[in-house]
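A short write-up of the structure that comes next.
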């Protein structure tokens, strides 16, 4: 299978498994866990995102995120690019308020610190009771509605509470000059056809990124490789290098 077919299959599987895995990405469940001094599944998932992103950036967003899979399905209905810029900072405001709240909840808690990966799950399954489907479909609506109203992966751009972990980790890796998986460009071969920008799930101006020095080290690239796989001149390719000083 071609790489993009495999990527989309992985996203589809991740989306189908979302009723099982949702609590492991939940900002609400980790908040309740912090009040009880429990390091739960979402705590470990978010820490894994932070620790792996200096080396792999936002690969999770491009290949494994159920919310990303849902939004790429929604892109078949509304395929325009989401507006970027100041709106991209909304997710950092949401994330910052939430992180401060987690610290406060932890300080208010009184139990011993314990680890329970399956905290508040029934045999490890998130949506195990019928009333939880109200929450599930509420989250689905929260993810898909911005994508339908504002364009491709708008939820990733504007409100995702997971993306800042990977963006911050990626920036830390760049400051430490560790090798980072990213898209590299042979810009002298680019003919400016624009196919890369047309297929980018995040709606990025890939043609412009090709011309910039270190253009693919930006915060919003999810390293999905769609631009590389659709480039007629093979200008773009995966690379694992340190960012230039």
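Check every one of the helices (runs of 4 or more DSSP H) wholly within the stretch 1-81 and list those with 2 or more residues that are farther than 30 Å from residue 108 by Cβ.
On the way: elements: 3-16, 18-21, 27-35, 41-56, 59-63, 66-74.
Result: 3-16, 18-21, 41-56, 59-63, 66-74.
For the stretch 221-230, how many residues are assigned to a loop (DSSP other than H, G, I, E, B) and more than 14 Å from the chain's Cα centre (by Cα)?
Residues in the stretch 221-230 being assigned to a loop (DSSP other than H, G, I, E, B) and more than 14 Å from the chain's Cα centre (by Cα): 2 in total.
Could you pull out the residue among 90, 94 that is in contact (Cβ under 8 Å) with a residue 60 or more places away in the chain, loosely packed, with under 14 Cβ neighbours inside 10 Å, within 16 Å of the chain's Cα centre (by Cα) and not in a loop (DSSP other than H, G, I, E, B)?
Among 90, 94, only 90 is in contact (Cβ under 8 Å) with a residue 60 or more places away in the chain, loosely packed, with under 14 Cβ neighbours inside 10 Å, within 16 Å of the chain's Cα centre (by Cα) and not in a loop (DSSP other than H, G, I, E, B).
Do we find that residue 194 is without any contact (Cβ under 8 Å) to a residue 24 or more places away in the chain, more than 17 Å from the chain's Cα centre (by Cα) and surrounded by fewer than 18 Cβ atoms within 10 Å (Cβ to Cβ) in this structure? Walk me through it before giving the result.
Working: without any contact (Cβ under 8 Å) to a residue 24 or more places away in the chain: yes; more than 17 Å from the chain's Cα centre (by Cα): yes; surrounded by fewer than 18 Cβ atoms within 10 Å (Cβ to Cβ): yes.
It is true that residue 194 is without any contact (Cβ under 8 Å) to a residue 24 or more places away in the chain, more than 17 Å from the chain's Cα centre (by Cα) and surrounded by fewer than 18 Cβ atoms within 10 Å (Cβ to Cβ).
Which number in (1) buried (at least 20 other Cβ atoms within 10 Å of the Cβ); (2) closer than 20 Å to residue 125 by Cα marks the one condition that residue 44 misses?
Only one criterion is unmet by residue 44, namely (1).
Computed from the coordinates by the stated procedures, all read-outs in this text should not be read as laboratory data. None of these values were measured; they are calculated from a predicted model. Ideal geometry is used to build each Cβ from the backbone, glycine not excepted, and the neighbour counts take in all protein chains shown.
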